[in-house]
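Values in this text are rule-based calculations from the coordinates and carry no lab data. Everything quoted here is computed from the prediction, not taken from an experiment. We place every Cβ from the backbone using ideal geometry, glycine too, and count neighbours over all the protein chains shown.
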Amino acid sequence: MPIIFSAIAPHPPIILPSVGSPEDREKVGKTIKFLQKLGEEVKEKNPDRIIISSPHPDWGFDVPLFFLAPDTSTKTEKILIGGKSPDFYLKQGEQFYFSKINPEEKNVLIASGDLSHRLKEEGPYDFHPDGEKFDKELLSGLKNKDIEKITNLDTLYPEAGECGLRSICFILGILEASKINYRPEVLSYEAPFGVGYLVANFKI
């Protein structure tokens, strides 16, 4: 099986011990707990390659790797996602599966990104009602494997201020193209700082 593991990982620098204070890290305790749990699973599976999609060229890659790739010798392929439509990246993921996934290798897929940044007035952006609606509907879409709903969320809630939707769609495209039986499982969702942090496992 070429796809052995897949997950969604938030990427706030504050979850790193070298960045976040103990008080701040305690507020995102579930996020850290489940990222570490997923990291243990990845290590046990001993993949040939870890593929990460992220909207950011810096911490979007580094933070998930801190938790999910403790073995730095693991071959890692980083995919930087831009600003085109979620459906575009869904199709990019499908094409990536057929052109870049070696069926003889064990691949891990990670969608790096945060959900809405507009959940609180004191958050990084001002509050907007689209934020909470976006996060709620994304979680619902994942639980129901409603791909069409997920790819339309930016149209339904254009002011959500998210950064992870397109990364998630890219990974979903790979999973859908692979035809494997996967079941999205939401492990935790926290938003103490006005940004939605989702940790999810695409159970394979």
| query | Residues of segment 46-90 being surrounded by fewer than 17 Cβ atoms within 10 Å (Cβ to Cβ) and of a type in the set (K, R), which ones? | reply | K75, K78, K84
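Every residue, every condition in (1) in a helix (DSSP H, G or I); (2) over 30 Å from E148 (Cα atoms); (3) not acidic (D, E), yes or no:
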position: E26; (1), (2), (3): yes, yes, no
position: E44; (1), (2), (3): yes, yes, no
position: I52; (1), (2), (3): no, no, yes
position: P57; (1), (2), (3): no, no, yes
position: L65; (1), (2), (3): yes, no, yes
position: P70; (1), (2), (3): no, yes, yes
position: S73; (1), (2), (3): no, yes, yes
position: K91; (1), (2), (3): yes, no, yes
| request: Determine if segment 136-154 includes at least one residue that is among the hydroxyl-bearing types (S, T, Y), over 18 Å from S54 (Cβ atoms) and surrounded by 15 or more Cβ atoms within 10 Å (Cβ to Cβ). | output: yes
| field | Qualifying position, being hydrophobic (A, V, I, L, M, F, W, C) and without any contact (Cβ under 8 Å) to a residue 24 or more places away in the chain, among V42, V28, V19 | value | V19
| request: Say whether the condition of being surrounded by 14 or more Cβ atoms within 10 Å (Cβ to Cβ), aromatic (F, W, Y) and in contact with an Asp or Glu (Cβ under 7 Å, 6 or more places away or on another chain) is met by at least one residue in segment 30-37. | output: no
| task | Tell me, yes or no, whether segment 101-120 has at least one residue that is crowded, with 18+ Cβ neighbours inside 10 Å, in contact with a Ser or Thr (Cβ under 8 Å, 6 or more places away or on another chain), of a type in the set (S, T, Y) and under 20 Å from L198 (Cβ atoms). | result | yes
| said: Every residue in segment 15-24 that is assigned to a loop (DSSP other than H, G, I, E, B) and surrounded by fewer than 14 Cβ atoms within 10 Å (Cβ to Cβ), please. | reply: P17, S18, V19, S21
